[in-house]
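The values are calculated or read from the model by the stated rules, or taken from the named source; none is laboratory data. Everything quoted here is computed from the prediction, not taken from an experiment. Every residue, glycine among them, receives a Cβ derived from its backbone with ideal geometry; neighbour counts consider all protein chains shown.
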Amino acid sequence: MRVQRRHVLAATVAVLAAAGVAVGTNFGFAGTAPARSSVCSGSVTFSAEGGAPAATSDRFPVGTRLRVTNLDNNRAATVTVTGPSGSCVLLNAAAMELVREPGKNVIRRNVVERLEGGAPAVGQPTAGTVRPGAASPGASGPAPHSACSGAITFFAEGGVPAATSGQFPVGTRLRVTNLDNNRATTVTVTGPSGSCVLLNSAAMEQIREPGKNLVRRNTVEVLR
């Protein structure tokens, strides 16, 4: 009787081991498939600018082609970088429509792939260039120190003036000033984003110039 039980137990273990090998080799273990590499980290949002699908970037030069994929619905948009911004990739309205889910203005789970075009990824600005958000050549006096570099844009989300950030934690208070018109807004960071500071609609309305969706010359101050 004991010998028979041992044979049954050994056979059961062998069957389970074979099944485990079959699952591991033929079907793959859940969650072990490597995610595609992304050239940007953080959420992707948009600038509300019109025109054909396009993007702006603080990392890739004009002419670079990028593919942005929303991992929540597997929808993708191929865009060309048309100018600078304060984000690794900032979609315009048409590109965002191609990939977002209804009612959502931020793509938190995404992959950004570089396809071709443009020069190597932007690192430090070369001599004679002006970073977005810095003082323009010939501007009187040095620009005030800013906690962020690059142009500032917004996401089309309502509520009181607020911001999201990839650099400052929730609850941080920031003062954002448009150096072209000296208008400022004080906002509290309410969540993460792919930008150093990304304003919501109400905050952007307080500082932008009519018809402009980017604030290129700006300062961002951390308040205590």
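Within segment 162-180, the residues that satisfy the criterion of being of a type in the set (V, I, T), more than 15 Å from the chain's Cα centre (by Cα) and not in a loop (DSSP other than H, G, I, E, B) are V176, T177.
Please find, within segment 211-221, the residue that is surrounded by the fewest Cβ atoms within 10 Å (Cβ to Cβ) out of those that are at pLDDT 85 or above and more than 12 Å from T185 (Cα to Cα). Walk me through how you get there before you give the answer.
Here is the first cut: in segment 211-221, the ones at pLDDT 85 or above are 215, 217-221.
The next check asks that each one be more than 12 Å from T185 (Cα to Cα); those that pass are 215, 217.
Numbers: V215: 25, R217: 20.
Once the filter is applied, the top-ranked residue is R217.
Which residues, counting only those in segment 158-183, are at pLDDT 90 or above and under 12 Å from A202 (Cα atoms)? Scanning segment 158-183 gives V160, P161, A162, A163. Residue count for segment 41-80 under the criterion of being free of Cβ contacts under 8 Å to residues at least 24 places away in the same chain and touching a strand residue (DSSP E or B) at 6+ places or on another chain (Cβ under 6 Å): the result is 1.
The residues in segment 65-101 that are out of contact with any Phe, Trp or Tyr (no Cβ under 9 Å at 6 or more places or on another chain) and in a loop (DSSP other than H, G, I, E, B) can be counted, and the count is 8.
Go through segment 36-59 and give me each residue that's of a type in the set (S, T, Y), under 18 Å from F155 (Cβ atoms) and in a loop (DSSP other than H, G, I, E, B). Full working, then the answer.
First, pick out the residues of segment 36-59 that are of a type in the set (S, T, Y): 37-38, 41, 43, 45, 47, 56-57.
With the extra rule that they be under 18 Å from F155 (Cβ atoms), the set shrinks to 41, 43, 45, 47, 56-57.
The answer is S41, S43, T45, S47, S57.
State yes or no: is V62 assigned to a loop (DSSP other than H, G, I, E, B), of a type in the set (A, V, I, L, M, F, W, C) and outside the structural domain of S193 (by TED's automatic domain parsing)? Criteria met by V62.
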